[in-house]
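Structure first, commentary second.
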Amino acid sequence: MNKNSKILVCDDDETLCYLLKEQLLEEGFSVDTVYDGSYAIESIKRKSYDALLLDLNMQDVSGEEVLKFATDYSSSIHVIILTAQSEIRKAIECIKLGAYDFITKPYDFDELLLTINRALEHKDLLVKTTILTNQVNKKFANKIIGNSLELQKTINLANKSAVSDSNILIEGETGTGKELFAEYIHKHSGRAEKPFVIINCASLPDQLIESELFGHERGAFTDAKSTKQGLVEIAHGGSLFLDEIAELSLSLQPKLLRFLENGEYRRIGGVTTLNSNVRVIGATNRNLLEEADNKNFRRDLLFRLNVITLTIPPLKERKEDILVLANHFLEAKSPIRSPKKLSSRAEAALLNYSFPGNIRELEHIIERAIIFAEGEFINPEDLNLPASAAHRMNLQIENDDNGKSDEVLSMEEMEKRHIAKVLKFNRWDRTQTANQLGISPKTLYTKIKKYEIKQD
């Protein structure tokens with residue numbers, strides 16, 4: 001627990017600070033000392049600490065003021081109050097304000113050491129809880145399923161990539177398991193015991209993404225009522241997974257580039273340069289070289305990111321994995337008392353389907369079939385495969401184009417017409433349309449605005 005933990009000691013008694021520092025250094029901690037509250041605040045701004053040992057009675061800036069700043073500035077720093085016996089009531093009030101615990105002077109070092117280690121264990125638990133919240137219900141987390149040669153080649157490359165500390169770009173169609181591979185790389189790397197943090201770049205507007213990534217200071221914008229740590233800070237020592245990285249705006253890309261170059265960043269509204277050591281793994285379902293040629297993605301950011309590129313094969317190129325995955329999902333999602341099985345006809349139907357939505361689509365098909373199937377076996381009609389719908393859509397689009405085949409159109413006009421027709425066919429269901437077009441909902445929305453496509 002002690003290794004690499006950083007502690008700040010703030011007390012106006014320089015002799016006490018010296019003795020504390022020497023004792024803590026012997027225990028393996030990294031220790032800084034300051035003798036005034038104002039210096040403590042400046043130190044917290046410049047450097048990330050795990051614990052603060054804080055005296056209450058100091059001139060100029062009191063210990064209570066430092067405590068208030070520290071707990072507001074960083075949710076991860078744990079404050080332990082050093083107080084005289086006569087000030088226990090004040091120390092208890094400090095715990096109500098956010099201090100972790102207090103120790104009376106003259107302190108017993110073994111007791112102080114025990115309190116510090118408990119605080120660090122609590123801090124570590126908070127970080128892990130934050131990171132794992134969205135993974136609690138993943139029964140088969142971080143398990144890559146499949147025996148195909150294409151998949152095994154990709155896994156082999158992932159294993160080699162994990163050993164390095166380089167940034168990685170994962171390419172692949174929507175639903176192929178890019179996040180699963182990112183987590184696999186993290187778990188097989190030297191950072192496995194550190195945080196694995198995920199952010200979807202297509203799910204939030206620019207300012208919120210920047211705030212999520214780099215944090216913000218209190219008052220930086222209207223709703224910034226307290227200081228917030230960014231994910232790059234939470235992920236320190238671990239891996240940061242940027243899903244849908246092609247959706248990052250051109251205004252935010254230079255800030256990410258700077259972070260990738262030297263690990264430095266600033267919170268929104270902040271003036272202090274902070275530093276975090278993370279390995280960045282980006283993922284996209286688009287061709288970033290083409291995006292760079294079209295001035296939608298910075299070329300220098302692409303080259304900084306794709307030191308190693310991993311391409312996940314679509315499910316249609318690994319047919320031998322379809323039934324393996326289907327049975328895996330059956331095992332995971334079927335009721336324990338009445339497990340379902342695929343009939344031979346259902347297996348044939350799955351093998352003959354193209355899976356434009358890849359593994360994610362297969363998972364949803366199996367989950368739906370479990371609900372619809374009345375007996376022990378799942379039959380083709382229970383799968384409700386959308387092949388006929390896709391066929392009708394293609395026929396309708398072909399009919400709509402009747403008589404226009406000789407018309408010469410620009411690529412943008414062709415894209416505009418195709419998007420409009422798929423939207424119309426799906427009755428303007430944007431999520432379904434985006435899935436069929438192989439783009440994110442955010443990209444679809446951007447193209448609707450760009451081409452001024454309006455609902456009839």
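Here's the yes/no breakdown for (1) touching a helix residue (DSSP H, G or I) at 6+ places or on another chain (Cβ under 8 Å); (2) within 28 Å of THR311 (Cβ to Cβ):
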residue	(1), (2)
THR174	yes, yes
ALA192	yes, yes
ILE199	yes, yes
SER203	yes, yes
GLN207	no, no
PHE214	yes, no
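Each residue in region 262-306 was checked for being in contact with a Lys or Arg (Cβ under 9 Å, 6 or more places away or on another chain), of a type in the set (Gly, Ala, Ser) and in a loop (DSSP other than H, G, I, E, B), and 2 of them qualify. I'd like to check something: does region 212-222 contain any residue that is among the hydrophobic types (A, V, I, L, M, F, W, C), in a helix (DSSP H, G or I) and over 26 Å from VAL271 (Cα atoms)? Looking through region 212-222, none of the residues is among the hydrophobic types (A, V, I, L, M, F, W, C), in a helix (DSSP H, G or I) and over 26 Å from VAL271 (Cα atoms). Please find, among TYR73, TYR100, the residue that is modelled with pLDDT under 85, within 22 Å of SER43 (Cβ to Cβ) and assigned by TED's automatic domain parsing to the domain that holds ARG46. The match here is TYR73. Here the condition is being modelled with pLDDT under 90 and over 28 Å from LYS442 (Cβ atoms); of LYS228, LYS143, LYS194, it holds for LYS143 alone. Evaluating THR71 against the criteria (1) closer than 27 Å to HIS216 by Cβ; (2) over 32 Å from the mean Cα position of the chain (by Cα); (3) among the β-branched types (Val, Ile, Thr) leaves one unmet condition, (2). The number of residues in region 336-359 that are assigned to a loop (DSSP other than H, G, I, E, B) and not basic (Lys, Arg) comes to 10.
The condition of being part of a loop (DSSP other than H, G, I, E, B), closer than 21 Å to LYS123 by Cα and either out of contact with any Pro (no Cβ under 8 Å at 6 or more places or on another chain) or not β-branched (Val, Ile, Thr) (or both) holds for only one of SER203, SER226, SER249, SER189, that being SER226.
Conditions tested, residue by residue: (1) at pLDDT below 80; (2) more than 36 Å from the chain's Cα centre (by Cα).
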position: GLU376; (1), (2): no, yes
position: HIS391; (1), (2): yes, yes
position: GLN396; (1), (2): yes, yes
position: ASN399; (1), (2): yes, yes
position: SER405; (1), (2): yes, yes
position: ARG417; (1), (2): no, no
position: PRO441; (1), (2): no, no
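Restricting GLU233, GLU331 to residues that are in a helix (DSSP H, G or I) and either touching a residue at least 12 places away in the same chain (Cβ under 8 Å) or under 24 Å from ASN4 (Cβ atoms) (or both) narrows the list to GLU233.
The values are calculated or read from the model by the stated rules, or taken from the named source; none is laboratory data. In this text, all values refer to a predicted model and were calculated from it rather than measured experimentally. Heads up, the Cβs are rebuilt from the backbone with ideal geometry, glycines too, and the neighbour counts pull from every protein chain shown.
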